[in-house]
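The block underneath contains the structure these notes are about, expressed in structure tokens.
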Amino acid sequence: MNEYICPNCKTRSYSSATYENLKDPVCGECGAIVVPASEPEERDGLKIKYNVFKVENGEPVFDCFVLRPDRDPAARAALRAYAAATQNADLAADLLAWAERLEQEAAK
Ligand SMILES: [Zn+2]
């Protein structure tokens, strides 16, 4: 049996399904996406901090990574790296302009 915990309200739930196979990994109390309860809390590595949903249909997206370039210099560096790597010239220009604006605001 696998144990899951809601990062929002700390409600615990159980399922025989692994996390990848959970059909509805949503907290029954508050609706947040649950995470495996076995994750060590003292380690400050990769962890689930955000629930992400597709704009077009509201479906949850699980394998993604949220950046906060407004407050994280590493995220601004990631925007510049993505702009350098993408084949989409319009997206690259938008990302560079966004990173530049945020760098200017961070320097104030
Ligand atoms: Zn909850």
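Please treat every number below as a calculation from the coordinates, not as lab data. This one's a predicted model, so the numbers in the text were calculated from it and none came from an experiment.
For the chain, the longest principal axis of the C-alpha atoms and the axis of helix 73-85 are separated by about 70°. Compared with the dominant principal axis of the Cα atoms in the chain, helix 89-107 is inclined by about 90°. The relative contact order of the stretch 57-108, computed from alpha carbon pairs under 8 Å that lie at least 6 residues apart in sequence, is 29 percent. Length gained on full extension, Val66 to Leu96, computed as 0.36 nm times the residue gap minus the Cα-Cα distance: 9.0 nm. Based on Cα atoms of the stretch 7-98, Rg over Rh with Rh as the Kirkwood radius reads 1.05. Using a Cα-Cα cut-off of under 21 Å, which lysines could be cross-linked to Lys47, ignoring same-chain neighbours fewer than 8 residues away? Candidates past the 8-residue exclusion: Lys10, Lys23.
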